[in-house]
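Student: The structure follows.
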Amino acid sequence: MAGAKVLSIAISTYDGYVKVAGSGDLDAFTGPRFRKAVDACVYQRPSNLMIDLTAVTFAGSEAIDLVQHAIEACRSAAIALSVRVNDAEAKLFGAVGLNDVIPFERGAAVFNVADGRDGDGEIGRFRSRRRAASD
């Protein structure tokens with residue numbers, strides 16, 4: 001895959017909240033790793049799960065499958081789900097009708113460890129661990 005960007009996955013947690021953020025290409029090669037990360041987070045039964053795709057540089061059918069899987073897994077586990085997307089992903093998910101199933105938030109969730117709040121004044125003080133798709 002010449003020119004493909006490796007998908008990095010960061011998982012952050014705080015007081016019942018979990019954020020899974022991807023950076024790079026989300027495709028058939030890297031998608032299964034992202035799904036495993038989401039499944040591991042759902043297994044922990046947080047009260048809220050956020051999937052942050054704003055730094056994903058390529059998203060196709062694998063991104064659609066990932067979001068559909070997360071919706072089903074979170075519904076089954078009674079976990080609140082939010083998904084943050086960039087403009088290209090908002091168009092993709094809108095084209096297939098996913099925005100009728102779950103509201104998508106635009107823009108990255110920037111967590112500020114100093115004051116414990118993110119860019120929207122929501123949750124914060126996240127502890128992160130990074131994993132590359134090649135792990």
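Derivation of every value follows stated rules applied to the coordinates shown; laboratory data play no part. All figures in this text were calculated on a predicted structure; none of them were measured in a lab. Note that each Cβ is placed from the backbone with ideal geometry, even for glycine, and that neighbours are counted across all protein chains shown.
Student: Which stretch or stretches of the stretch 45-88 have amide N atoms under 16 Å from the point lying 7 Å from PHE29's Cα along the Cα→Cβ direction?
Tutor: So the set is 57-63.
Student: Give me SER8, SER76 sorted ascending by neighbouring Cβ count inside 10 Å, so fewest comes first.
Tutor: The order, fewest Cβ neighbours first, is SER76, SER8.
Student: While we're on this one: If Lys and Arg each add +1 and Asp and Glu each add -1, what is the summed charge of the other residues whose beta carbon sits under 12 Å from the beta carbon of ASP27?
Tutor: Value of the local net charge: -1.
Student: How far apart, in nanometres, would the label points at SER61 and SER47 be if each is projected 7 angstrom from Cα along the Cα-to-Cβ direction?
Tutor: With each label placed 7 Å out from Cα toward Cβ, I get 3.9 nm.
Student: Under a Cβ-Cβ cut-off of 14 Å, what is the net charge of the residues other than HIS69 that fall near it, where Lys and Arg count +1 and Asp and Glu count -1?
Tutor: 0
Student: With the cut-off at 1.5 for a/c, could you classify the stretch 31-98 from its C-alpha gyration tensor as rounded, prolate or oblate?
Tutor: prolate
Student: Still on this model: What's the extension gain from GLN68 to VAL101 if we count 0.36 nm per residue and subtract their Cα-Cα distance?
Tutor: Here the segment from GLN68 to VAL101 would lengthen by 11.0 nm.
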